[in-house]
Structure formats: C-alpha cells, structure tokens
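In what follows, a single structure is set out as structure tokens and then discussed.
Values in this text are rule-based calculations from the coordinates and carry no lab data. Everything numeric in this text was worked out from a predicted model, so none of it was measured. Cβ: placed from backbone, ideal geometry, glycine included. Neighbour counts: every protein chain shown.
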Amino acid sequence: MNADHQIPEAETKRNARLWVFVLLVIALLLVVGLNLSLGSVRIPLKDIVSAILGSNDVKDSWVYIIQNYRLPKIVTAILAGIGLSASGLEMQTMFRNPLADPFILGINSGASLGVALAIMGTTMVGGVFLPAMTELSELGIVLAASLGAGLAMGLILLAGRVVKSPTTLLILGLMFGSAAGALVSLLIYFSAPDRVKAYSVWSYGAFNGVDWQQLKVMIPVIGGALLLLFFLPKGLNALLLGEEYAKTMGLNTNRMRIMILLTASILSGTVTAFCGPIGFIGVAVPHISRNLFKTSNHKVLIPAVILLGAIAAVAADLVAQLPGSQLVLPINVVTSMFGAPFVLWVVLRGKRGGTSFTV
Amino acid sequence: MGGPERKARRDIIHGLESVLHAKSLQIGYLNGKPAKKVIASGLDLELRQGEFVCLVGPNGAGKSTLLRTLTGLQPALDGEIYLDGKALSRTSRKELAHKLSVVLTTPVEVGAMTVRELVAMGRFPYTGLFDRMTSRDWQMVDVALAMVGAGDFGDRMVHKLSDGERQRVMIARALAQEPRVLVLDEPTAYLDLPGRVAVMSLLHGLARGHGKTVLTSTHDLDLALRSADRLWLMSREGTIKSGAPEDLALSGDFQRIFARENVGFDSRQGHFSVREKTEGIAMLEGEGEARLWTERALKRLGYQLADGTEAEEPLRVAVIQDENEIRWLVATDQGHEAFSNLGDLADFVKQLPKNQDFKPAA
C-alpha cells in the first residue's frame, strides 16, 4: 500500500498519451480551420473568427457562407465522425472482430430501406407503399431514414434481449441487412431514373444537408448517447476477454449488451438519418486509435476515437470539396478511396505491434 | 477408541473447512431437443479449503459442463451449489466474483495490452463504476504476478508471451480477483510437456502455499495422479468418484474409467502405457539408470521381464557399464551380439525370429 505499487510505467505512458491527445486537438483545430477557409469561395484563415462572430469587418457573403453553410456542415461532420467511430469501436469490442462496423447489425440497411421507400416507393405499383409524394424535402428524407434506422434499432434491441450469443446476433444483423438490401434493389429496379438518382445521391452520404434547425435535434441526441458511453469503458474492457470471462468477473452481460446496442444504434442511426450511410470511418478510426495509443483500454480509446473520428470526418469533407475546384465529391467516395489504403497500412504495420484482435 | 476421541480424530482429518459444496446436483443443458439434456445427476461434491483437486475423465464425460455449472456460467438443472454456505442461485454475479475466479480453456486473443493491464482486469469486482484502480488494487496485481512467478514480465505485451507464460498470466488475473476458489478448465491443453508440469506444480503450490482451493480439469493423468490432493473421477455415465489419487488407483476405479483396448494403466508404475502384444520374455542383467532405460526399450518392443517362473527360454540382455561407456550384449545362437546404443539393440531385437530358443550367454 505504498508508492511502490503505483504502476511504474504509468507516469511516462500517461504523459506520452497526454501529448498525443494535445496533438490531436491541434490537428482537429487545423482541419476545421482549413475546412472553414477552403472551398468554392476562399476565405482567409485570419478572417474566419470574425466571420463566425458576424463582425462587420468582413464581407457579408463570407459571414453568410460561414454561418449558414460551412459551420453547420463542420459541426455535422464532427458529430458524424464521433458517432460512427464510437459505435464502430463498441461493435468491434462486442463482436471481438476487427471487421465489425457501426452498420454490422443492419442500422444503415434499415435507414436505406426507409429512404428508398420514401423516394421510390411512391412510383411503384401506383403508390402502394406511401401516399404520392412528388417532392420529398430533405427533412422528409431525414424522417424516413430515422424511421428505418429506428425500426432496425428496435429489432436489434429486441433480438439483444432474447439472443445471448454475439455470433447469432451478428448473423441476424447480416440477414436483416440482406433482406433490406433486396427490397431496396427491388425498388430501384422498378423506379424511374430520376428517383433512382435521388436515392443514389442520399446513399453517397453528405454533411452539407444539415442546417441549424436539424442540428438542434442531432446535437442533443448524439451528446446524450456519448454521455451514456462514458459509463461503459469498464464493461467494454471486461468484454475484451470474452463474455464468459466478463461474466465471471461479475459483469451483468445482458445489461451491458443492451447498453452497447442502445448507444451504438442511437449514434450510428442518428448519423445515418442525417448524413446518409457513411462508410469506412466507423471501421477505420477504432483501428487507428488502437495503433496510435498502443492500447485496448477503452478509457483511453473512447476519447481517442472521439477526437480521431472528428478529425477523419472533417478531413474527408475537406478533401471532398476538392479545394480550388467547383466540384464536390460524395463523402463515401473520399472515405473509401483515401481511407482504404491508409487503414491497410495501419493494420499491416499494426500487426507487428499487435492489435486488439487477430485479423 | 472411545466416542469423543474418535470424533476428535475425525475432526483432524475432516477439519478442513468446506468451501464449495454441491448437493444432489444435476447438470446438463436446458434447450436441447428433448426439453433438457441431462449429463449427470445426483452429484454430491465438496471442495475443502486449500486443497488441489483434479477433475479427470474421458472426453465427453461432461467435465466442462460440470465446471461451468460450479462457476455459475450455466444454471444447474437441479440441486444446489453452496459457496461459503450460501446458495449459488442466490448469490449475485459480483458477490460470486469476489469468491471464485476462473481460467477458461480457450486462449484469449488480446493485443495492445500489457500483462499488468490484463492482470488488473482481475480487480474488476473491486473497482467502482469508472474502474479507478487504487494503490491496493495495483498491489494485488503485483502479488498475483509474483504468485505465479511472473513478477518480472508485467510490462510485456500479452500477445508476445509464449503459451506457457500466457497461461501463467491468466492464472495471475484469476488470482487478482482474490478468490477463495480457483477453477480452471484444462489449463494445460495448449502447452508443451514442461509447460504442463510447470502449471500443475504452480496450482499445487497455490493450494499448499497460499491456501487457495484449486479445482482443475485436466487430461494429464500422470500429472494429476502425482500432484492432486484429491481426484474427481468422472465416468462417461456421469458418475463422479472422489478420493485420493492413490486410493482410486489401488481400488481399480482409475483403471476402469480409462479402460481402453490397447492402453493399460500400470498400477505398479503409476502410469499409462501402450499395451503391446507380448513378444517374449527377457532376462536383463545390469544396474542403475542404464538398466532402467534398457527395460523401457525392451517393454516398448513387447518383452516382459522374466521373474523366473516362465517356461519359455528368455532373451538374455546384459548391460555392461565401464567408466566412460555403456555396452549391451544380447545372447544369440552363435554367442552374443554387442551394441553401443539402445537404438541398434532395438533394431536387432526386432528382426529376431519369434519364440526362438536362445542359448545362455557365455
């Protein structure tokens, strides 16, 4: 019970980690600054703060662009990055599988089905699915996606109460995803090209469709789920050894499973509802975090994926703007095209350092 | 001996406090095709403070099911288990985790984790909601590491340990839970022979030296016979006989459970051996270690050592030991054949015609 029993490596390790966190915060500020500055209209970095505050020193158009366009987009990107990464981490730990992502249980399939029904269901067989909706507002799409994601989430939670084995849960999720995917394909097959295009645009993912009004919903929902998540590191750590060990350590695995499913599906479901199904961030960021911090401890990993997830999403959006051009790429294209080689590199490098799971 | 004295003696013998007690326990699975699949029933079992008990039995007897039931990982179908006098069915998971910890068969696959972090997980039942480790918690981690002789590799990464080292660390994790009872499911399954010996002697030491009650299932019968205080001998029919290893060997129970066509339990030597068809009788001259290993070689070839009662003329083998070399002589029709090692001798003996009469060596 003396100082000898303090963890010897703790001090140096904790200091090193603190520095990495500081660097990550700086990196986040950097990508946010660049993202605010670059785009179809270039706004100098030094004028950004004034523009955010709506000062008269800068052009009105700049204030408008920053306040109504770029700022909400960046807040959305940050929330999406956090939501996807945190839920991805939870899924990877719960299934003890490095390939698990936030959508492994079919949340995005549910959302996709909802949106597909809303956009294309009306044209099919004279509007059997929904009353005719000629112009679907962005809010309508969000609602449809929320309903779909909510339905999927409900099914997952229901299954989580009955099914005890993670593997069975995984298979259920995959089957649900396939079934929903088949229905979406059917809708696409019978739909007019313009509807199909509208659906495709949603499925590419975007951060720029969310305005301050919608953020008033998105911020508290994501924030609430994150708050819950901060109570889970202990249980998540115990699950690293598998459910059986966790049980013998006194963890209520049933309650833990429900908590994980609840937080993960709220996080990923909300993001998908507002931004579309955004791939890759949820599977990549947890890996990068484990490699960067050389730990599987969720007390470190949860803050890490929050920061790195935000950085990844804002950076992806920055690249998608193709600074200097008028073109904007779909987010999913960027996350996959730039993310895949990066993750491959991280994982291959990490194999020597050891990741949480055997790949 | 009078009544009171007799009772006093019984108390000395049975004075060890009972830690875990199963009463008419029925084990098995609930959601099988017939509503429940019973593996064993009517089990009355007891674990006493500080004893090392090995659960042995053929594959498929239900050893894992029994251990899973005793540790609360699956419910008992009937009967009750008492831990420290309290029924398991009325004990919370957390309370149970304070008294009993486990090491499971399947090796855990964790990376990016130090040995210390892994062992610290054993403090789970003692830390609060946010898992803050106090200095006493870290002290227990160090104590646990020292108990398994892993005090010097706390800072190493778990995925870089050898199988044997990892098993030690998993035992340390279980010890960090400060359990009264430690239950292990085949902790030696993935280890090489020296690793097995090390783990079994470690478990023995934990019981003897630290007063832990240790229950382990194992397939290493030799090691179980040598190191366990008691064996739980589980048959394929789901019965369990409990007793000192020596008693179970003497009574023949041990042999019966493991009876196989070609494998015999040599109750004089206390180990299992391949039962070869007898090729003949051998008479061996010689002493010491060289004699012992020559005897093993001859047995392997199917020869039994002569005890003087055989009608058959034995194969005569002599071990001749100088200061710096050993030679073997085998008597033949023509005199004798000399060998400088047992391999050559074995090759020669193998090609001898069977049931041939040998003349005595010169």
Under a GNM of chain B (C-alpha, springs under 10 Å), which listed residue has the highest mean-square fluctuation: B:A35, B:A174, B:A228?
B:A35
Out of the DSSP beta bridges found with both residues in the protein assembly as shown, what percent are antiparallel (nearest 5)?
60 percent
10 Å Cβ neighbours from other chains, averaged over peptide B:111-122
6
Could you give each residue of the stretch A:99-110 its phi-based ³J(HN,Hα) in whole Hz, using Karplus coefficients 6.51, -1.76, 1.60 with θ = phi - 60°, and x for Gly or Pro?
8, 5, 9, x, 9, 4, 9, x, 4, 5, 5, x
Which Cα, out of A:P102, A:G121, B:H159, lies furthest along the positive dipole direction of the protein assembly as shown (beta carbon charges, K/R +1, D/E -1)?
A:G121
Non-local residues with an amide H under 5 Å from the amide H of B:L77, with H modelled 1.01 Å from N and Pro and chain starts lacking one, are B:Q26, B:I27, B:G28
Pick from A:F274, A:F207, A:F95: which residue has the top mean-square fluctuation in a GNM of chain A where Cα pairs under 10 Å get a spring?
A:F95
Average beta carbon contacts from partner chains per residue of A:245-258, 10 Å cutoff:
5
Per residue of B:291-300, other chain Cβ atoms within 10 Å number on average 0
Any of A:K247/A:K294; A:K294/B:K160; B:K23/B:K241 with alpha carbons more than 18 Å apart? Name them for me.
A:K247/A:K294
Arranged from highest to lowest average of other beta-carbon atoms within 10 Å per residue, in what order do the peptides B:300-306, A:152-158 appear?
A:152-158, B:300-306
By average Cβ neighbour count within 10 Å, what is the ranking of A:28-39, A:283-294, B:239-250, A:242-253 from highest down?
A:283-294, A:242-253, A:28-39, B:239-250
For the protein assembly as shown, what D do you get in µm² per second when you plug the Kirkwood radius from alpha-carbon pairs into Stokes-Einstein at 20 °C and 1.002 mPa s?
70 µm²/s
Restricting to bridges with both residues inside the stretch B:281-330, how much of the DSSP beta-bridge set is antiparallel, in percent to the nearest 5?
45 percent
Counting only DSSP beta bridges fully inside chain B, the antiparallel percentage to nearest 5 is 60 percent
Please name which of B:V19, B:L215, B:L193 has its Cα lying farthest along the dipole of chain B towards the positive end, using unit charges on Cβ (Lys, Arg +1; Asp, Glu -1) and the Cα centre as origin.
B:V19
Which of the trypsin sites (Lys or Arg not before Pro) found in the stretch B:120-152 are loop residues per DSSP with 11 or fewer other Cβ atoms within 10 Å of their Cβ?
B:R132
